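K.L.:
First the structure, which I've put down as structure tokens, then a few questions once you've had a look.
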Amino acid sequence: MLSGVRTPEGGGPLRTDESEEAAGYMETTSRVGAQAPDAEGAAQAAPSARRTVDGYLLAPFPWYGLDEAFTGPRWLMQVGTGADGAVEHGSIGHGDEPSVRAEGTFGTGDKERFAVVVSVAANPVRRSGDGTGVLEATSVSSAAWLAGVGLLSLTWPGQMDHSLRDDWLDQQTETAWVLADDLDGSDWSTLSLPVDGEPTSFHYRESEYGWVLAGSTKEGVHLGAYGRGMSAYGLGFSVVQDITSYEAK
């Protein structure tokens, strides 16, 4: 569990405001009364919510991105912190900056080509920051759920009325939770991709909105990734040597 946010192994689907937090637009501590942004709002918030490297520098774990084979744009998104302020996860984008506007056909690559890499600290079961409870261990399922909700947050199915998207997002977030909790199920396949040059097994699934994958590294980090328009089969991951180079100038 990510400091108050119920992840797959924590038992129970997420509220829409929690899915927004997991997508990287808010901290991972719950915010009572918070509401998920509408599609246009999220599209405007995503660029303004990132562009700062400060939080990334505070992380006690290494950040991962696509390896040197990817030569396109790279950009910071936002980190997620716990109730005690400790950085627990964060995302780095690659390629076109994604939009949630319902334009074109998802997954065809003619409108957007992006891949987002989510790094999640591999934490054991531990006491909460205020000492009043226990936080569950993070796992590959945590990374899979964060990646799945991240993709959903940037998705607006064609022909969907603006007023219905929040309901759709809430329903799909619950589905993402169920899928992440069953990585050995039939909805997932296995994909081997290089991580720091070594073949690594990932859980992988596709949908009409894009793809999601999740696995673990030898550096104590669970990796999630999601994207549209870029094939996951040709990707490789590596530790980011200089996170400050990702910051917008």
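The values are calculated or read from the model by the stated rules, or taken from the named source; none is laboratory data. The model shown is predicted, which means the values in this text are computed figures rather than measured ones. No Cβ is skipped: glycine too gets one built from the backbone with ideal geometry, and neighbour counts run over all protein chains shown. In case anyone asks, the SASA skips ligands and DNA or RNA and just uses the protein heavy atoms, side chains included. Shrake-Rupley method; radii C 1.70, N 1.55, O 1.52, S 1.80 Å.
K.L.:
Return the long-range amide H neighbours of Gly80 (sequence gap of 5 or more, or a different chain), with a cut-off of under 5 Å between placed amide H atoms.
P.N.:
Correct list: Glu88, His89, Gly90.
K.L.:
Also, I was wondering about something else. Apply the Karplus curve 6.51 cos²θ - 1.76 cosθ + 1.60, θ = phi - 60°, to the phi angles in region 231-236 and return the couplings in whole Hz, x for Gly and Pro.
P.N.:
Ordered by residue, 3J(HN,Hα) equals 5, 6, 5, x, 8, x Hz.
K.L.:
What is the extension gain from Leu58 to Asp187, computed as 0.36 nm multiplied by their sequence separation minus the C-alpha to C-alpha distance, in nm to one decimal?
P.N.:
Stretched fully, the Leu58-Asp187 segment lengthens by 42.9 nm.
K.L.:
If you plug each phi of region 139-149 into the Karplus form 6.51 cos²θ - 1.76 cosθ + 1.60 with θ = phi - 60°, what whole-Hz ³J(HN,Hα) values come out, in order, with x for Gly and Pro?
P.N.:
Using θ = phi - 60°, the values come out as 8, 4, 4, 4, 5, 5, 5, 4, 5, x, 6 Hz.
K.L.:
May I pose another question? I want to check the label-to-label distance for Tyr233 and Leu164. Put each point 7 Å from Cα in the C-beta direction and report it in nm to one decimal.
P.N.:
Output for this residue pair reads 3.4 nm.
K.L.:
Run the 1.4 Å probe and let me know the accessible area of Asp170, rounded to the nearest 10 Å².
P.N.:
60 Å²
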